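The block underneath contains the structure these notes are about, expressed in structure tokens.
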Amino acid sequence: MATVGTNDGNNITLTRNGQGVSQIPAGTYTIQVRDRSRFHNFHLRGPGIDRATTVAFVGTVTWTVTLTAGIYTFVCDPHASLMRGTFGVDRAPAKVVCKVPRVVGKKLVTARRMIARARCRVGRVRRARSARARGRVLSQSPRAGVRRARGARVKLLVSRGPPASS
């Protein structure tokens, strides 16, 4: 059972017998795809498979697919950085890591987006007076380029702007 966009939310799942799929044996499967939103689609890719619903489609379709050994991904194409999943067939899925992006000097909103795309999460955000423009990232921890487990937190120090003059 594949489901995407319930109540126009940013959710995408692939389940078997009510449990999330992370590893399954090779074979032929029937997948019922429930696309619940005009903003999202369900796209399954892997060895020998590239099937998708359209973004405008809302409804249920049934696919019969033959899964062979390898890694498969499912995504919502318009929101691939947020709505995605991976599973392995006849082997464990590849470990997904967060590679911390360089966000120093970026606006906070841009930094948040970059961190999410890197499969990390924004951790504590502290603010300090600085000569830099208000809302710009002054420092980050861990430093850019470090690899961490998926969902690792990146702490940020953000400028409040220059000190008030008297």
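Provide the percentage of antiparallel DSSP beta bridges, counting only those with both residues in the chain; round to the nearest 5.
Numbers: 35 of 47 bridges.
About 75 percent, rounded to the nearest 5.
Out of every Cα-Cα pair in the chain, what percent are more than 25 Å apart?
Values: 6373 of 13695 pairs.
It works out to 47 percent of all Cα pairs.
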- Against the longest principal axis of the chain, how steep is helix 108-117, in degrees 0 to 90 to the nearest 10, with axes from Cα atoms? 30
- Only helices counted: for the chain, with every DSSP H run of 4 or more residues adding -39500 (n - 2.57) and the sum spread over all residues, [θ] at 222 nm is -2000 deg cm²/dmol
- Note on the structure: For the chain, any Cys whose C-beta has no other cysteine C-beta under 4.7 angstrom counts as unpaired, and these are Cys76
- Query: Using 7 Å Cα-to-Cβ label points, what is the Tyr29/Arg148 separation (nm, one decimal)?
  - Reply: 3.1
- Dipole axis of the chain (+1 Lys, Arg; -1 Asp, Glu on Cβ), positive-most option in Val104, Thr54, Thr68: Val104
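Test of understanding: ordering Tyr72, Tyr29 by Cβ neighbours within 10 Å, fewest first, what list do you get?
Tyr29, Tyr72
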- Item | For region 32-78, the spread of Cα positions along each principal axis, largest first, Å | 32, 21, 10
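Just the projected area, averaged over all directions, of the convex hull on the alpha carbon atoms of region 2-89: how many nm²? List each step's numbers first, then the result.
Working: hull surface 20.2 nm².
About 5.1 nm², averaged over all directions.
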- Query: Whose amide H sits under 5 Å from the amide H of Ser139, counting only residues 5 or more places off or on another chain, with H placed in the peptide plane?
  - Reply: Leu157
- Message: Starting from the 7 Å offset along Cα-to-Cβ, what nm value, one decimal, do you get for the label separation of Val109 and Val65?
- Response: 3.6
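Find the all-direction average of the projected area of the Cα convex hull for region 55-128, expressing the result in square nanometres with one decimal place.
On the way: hull surface 31.1 nm².
With the hull built on Cα positions only, its mean projection is 7.8 nm².
Going by C-beta contacts inside 10 Å, put Arg117, Arg51 in order with the fewest on the left.
Working: Arg117 12, Arg51 16.
Ascending Cβ contact count within 10 Å gives the list Arg117, Arg51.
A short reminder: the numbers here are calculations on the coordinates, not readings from a lab. Predicted model, so just to flag it, every value in this text is computed and none were measured. Reconstructed Cβ throughout: ideal geometry from the backbone, glycine too, with neighbour counts over all protein chains shown.
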